[in-house]
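K.L.:
Take a look at this one; I'll ask things after.
Quick note: the coordinates plus some simple rules give every number you see, no bench work behind them. Quick caveat, the model's predicted, so the values are computed rather than measured. All Cβ positions, glycine included, derive from the backbone under ideal geometry; neighbour counts span all protein chains shown.
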Amino acid sequence: MKNEIRVFCPATIANVSCGFDVLGVALDSVGDEMVIRKTTKKGITITKLEGQDLPLETHKNVAGVAGLALLAATDYSGGFEIEIYKNIKAGSGIGSSAASSTGAVWAMNQLLGKPFSNLELVQFSMKGEELASGVQHADNVAPAIFGGFTLVRSYNPLDIIKINTPKELYATVIHPQIEIKTSDSRKILKTTISLADGIKQWGNVGGLIAGLYTEDYDLIGRSLQDYIIEPIRSILIPAFDNVKSASLEAGALGCGISGSGPSIFALSKGKENAKKVANAMQDIYNKVGIPYDIHVSRVNLEGVKVIK
Ligand code: ADP
């Protein structure tokens, strides 16, 4: 059995407009890399962290916290060393913390001979999410582990369903360079919703799932609507309404906030359309003078994977 592996840890879009805390999708061309190594020394040591200014202490880093949760569930007598190479900026809204926690536990599971199921790996990773945002949410870690689109049907007991990904579906993500902490953008949300909004929202969740399975791109587009979270959170994101309308005009199926923002995502049919949407999004931020990162990516179908 190997003693060391290098893995790709995908960025993820959580919520996917209508599915707050339950829907997510993994990306293919944006993500971190990690090297995980077995050691005879017990516990977890983060030996390297490049690309972002984040804590190296095991208890303050989501990779360490998720990894310790896995270790506590094994009778393995050794430990692990972790190297983290961040490409995803913390607080970007594309699952920076989830990439690290899932990369750590997925790789450890491989090195131990796969004693744990994907569902158990999600549960360990959720301990990392709790450190990052104060809540054990699974909408980023589930797609990062399972790949593709995932639905958290229930949190208690945890029940995760991997959803079909239509072949021509591409994502465009723009990240305006302002930081919004998940913990802060959760605080502004209301804790109750009206029945009228609930009816619209669960109609769209059902529509989106049906559209993904039947590969009905128009239905996917009609269903990418969020009546509950977006009206509140979008005020934290500069020029959100302009970016959204420009994306839809450029041919996006739908457009919304990625996770807790400030990244904005759009889904499109085909790479060419996704690139047109990227141009339209960039034009808006170029005009208002906000620096950004932009990504066009197909959906990652496998989740965390070994880099050859
Ligand atoms: P995102 O939605 O992009 O994951 P979050 O705000 O949820 O952003 O997570 C970032 C928070 O998690 C930051 O406060 C950061 O300090 C903390 N954190 C701890 N370890 C890591 C890590 N390995 N990668 C990213 N963020 C981490």
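K.L.:
Only helices at least 27 Å long along their own axis, judged from Cα atoms, and with Kyte-Doolittle mean hydropathy of -0.5 or greater: name those in the chain from DSSP H.
P.N.:
Answer set is 195-214.
K.L.:
Continuing with this model, one more query. Nearest 500 deg cm²/dmol is fine: what mean residue ellipticity at 222 nm does the chain get from its DSSP H runs of n ≥ 4 alone, each adding -39,500 (n - 2.57), divided by its residue count?
P.N.:
-11500 deg cm²/dmol
K.L.:
In addition: Hey, can you grab everything whose amide H is under 5 Å from the amide H of S258? Only 5+ residues off in sequence or another chain; H modelled, so Pro and N-termini drop out.
P.N.:
Result for S258 returns S263, I264, F265.
K.L.:
Between Y213 and I307, take the C-beta separation as r, use R0 = 22 Å, and let me know the FRET efficiency to the nearest 0.05.
P.N.:
So, using R0 = 22 Å, E works out to roughly 0.10.
K.L.:
Report the extension gain between S183 and M1 in nm, rounded to one decimal, defined as 0.36 nm multiplied by the number of residues separating them, less their alpha carbon distance.
P.N.:
Extra length from S183 to M1 when fully extended: 61.5 nm.
K.L.:
What's the long-distance tail for segment 1-120, i.e. % of Cα pairs beyond 18 Å?
P.N.:
Distances greater than 18 Å cover 49 percent of the Cα pairs.
K.L.:
Something else now. With Kirkwood's inverse mean 1/r over C-alpha pairs for Rh, give me the Rg to Rh ratio of the chain, two decimals please.
P.N.:
Using Cα coordinates only, the ratio equals 0.97.
K.L.:
Let me ask you something else. Excluding same-chain residues fewer than 8 positions from K287, which lysines have a Cα within less than 23 Å of its Cα?
P.N.:
By straight Cα distance, K287 reaches K244, K275, K276.
K.L.:
Follow-up. State the Kirkwood hydrodynamic radius of segment 137-215 in Å, one decimal place, computed from all pairs of distinct Cα atoms.
P.N.:
Evaluated on segment 137-215, it is 15.3 Å.
K.L.:
Same structure again: Quick one: work out Rg over Rh on the C-alpha atoms of segment 101-159, Rh as Kirkwood radius.
P.N.:
For segment 101-159, the value is 0.95.
K.L.:
Another question about this same structure. Run through the DSSP bridge list for the chain and note the antiparallel percent, rounded to the nearest 5.
P.N.:
85 percent
K.L.:
Report the full-extension gain for the segment H59 to K287: residue separation times 0.36 nm, less the Cα-Cα distance, to one decimal in nm.
P.N.:
Extra length from H59 to K287 when fully extended: 77.9 nm.
K.L.:
Rounded to two decimals, what is the ratio between the C-alpha radius of gyration of segment 194-307 and 2.2 N^0.38 Å?
P.N.:
In units of the globular-protein estimate, segment 194-307 measures up at 1.12.
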